[in-house]
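Encoded as structure tokens, the structure appears first; notes follow it.
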Amino acid sequence: MYSYAFFDLDGTLTQSEFGILEGAKRALTHFGIDISDEAKLRKFIGPPLHVSFHDSYGLSEEDTEEAIRIYRAYYTEKGIYQAPLYPGMMELLSELKEAGVKLVITTSKPLVMAEKVAKNNEIYDLFDGIVGPGLDEHDSSKTFLIRKSMETLGLTDDDRDKIVMVGDRFYDIEAAVEVGVDSIGVLYGYGEREELEKAGATYLVNDVPEIRGIILG
């Protein structure tokens, strides 16, 4: 059914809460911020760090930059390796690749880190591209990243009916709607059914194997 599949990384390809939450806790603790609200901490999974520290926790621009520095000091050394694939994901990606589907990781995680996660999980070579912001970019919207993924594969608006975006948060789904491509909202990740439905997901799946049937038809 689809020739091109763009996959979000955290919460879609990988179970990334372990390293992300530990890095966030260390940064917030540095500023004396309470870290007992686990639900609020989980909001770090998905959006850019600048959004989480600045918008969700109200840090100033200067403190946000320092929080990101503290987070990355931990994450680049240890946290980045604490993000295993979801069960069945390796098999899914291999099957899609074999079927001729072009695959792209489309993530808000900085590109250099996304590449390391992909290599550590041995899926780097299964993808035809990895698209993410630079370390110093704070405002790379998911809409921009989807369009950049299209450019990476040489696609135009005329190809949009052949593309599907796979993600676990409303950021992924709303961006897909804005660009005009279909989307698969995954319920095994860090988003809720309500947010994915409200964002306009074309499909919802409960587990990894269901993705195969939608993409391949």
* What do you get when you divide the Cα radius of gyration of region 1-48 by 2.2 N^0.38 Å, with N the number of residues? -> 1.49
* Asked: Looking at the chain, which longest stretch skips every one of the GluC sites (Glu not before Pro) that is in a DSSP loop with at most 11 other Cβ atoms within 10 Å, leaving the sites themselves out?
  -> 123-217
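With r as the distance between the Cβ atoms of ASN120 and THR202 and R0 = 30 Å, compute the FRET efficiency 1/(1 + (r/R0)^6) and round to 0.05.
Working: r = 31 Å, r/R0 = 1.02.
So the FRET efficiency works out to roughly 0.45.
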* Asked: Hey, got the dipole for the chain? About the Cα centre, +1 on K and R Cβ, -1 on D and E Cβ, debye to the nearest 20?
  -> 380
* Asked: Which pairs break 32 Å Cα to Cα here: LYS162/LYS198; LYS78/LYS162; LYS25/LYS97; LYS25/LYS102?
  -> LYS78/LYS162; LYS25/LYS97; LYS25/LYS102
* To do: Identify the residues of region 179-209 with backbone N under 14 Å of a label point that sits 7 angstrom from the Cα of ARG160 along the Cα-to-Cβ direction, or state none.
  => 179-183
* Please order LEU145, LEU111, LEU59 by the number of other Cβ within 10 Å, starting at the fewest. => LEU111, LEU59, LEU145
* Using a Förster distance of 41 angstrom, determine the FRET efficiency expected from the C-beta separation of ASP128 and GLU66, and round it to 0.05. => 0.65
* Asked: Got a sec? Which residues in region 52-72 would a label at LEU135 touch, if it sits 7 Å along Cα→Cβ and we count backbone N under 15 Å?
  -> 65-72
* Asked: In terms of the Cα gyration tensor, with a ≥ b ≥ c the square roots of its eigenvalues, is region 17-81 rounded because a/c is under 1.5, prolate because a/b exceeds b/c, or oblate?
  -> rounded
* To do: Of the DSSP beta bridges with both residues in the chain, give the percent that are antiparallel, rounding to the nearest 5.
  => 5
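Computed from the coordinates by the stated procedures, all read-outs in this text should not be read as laboratory data. Here the structure is a predicted model, which means the values were calculated and not measured. Every residue, glycine among them, receives a Cβ derived from its backbone with ideal geometry; neighbour counts consider all protein chains shown.
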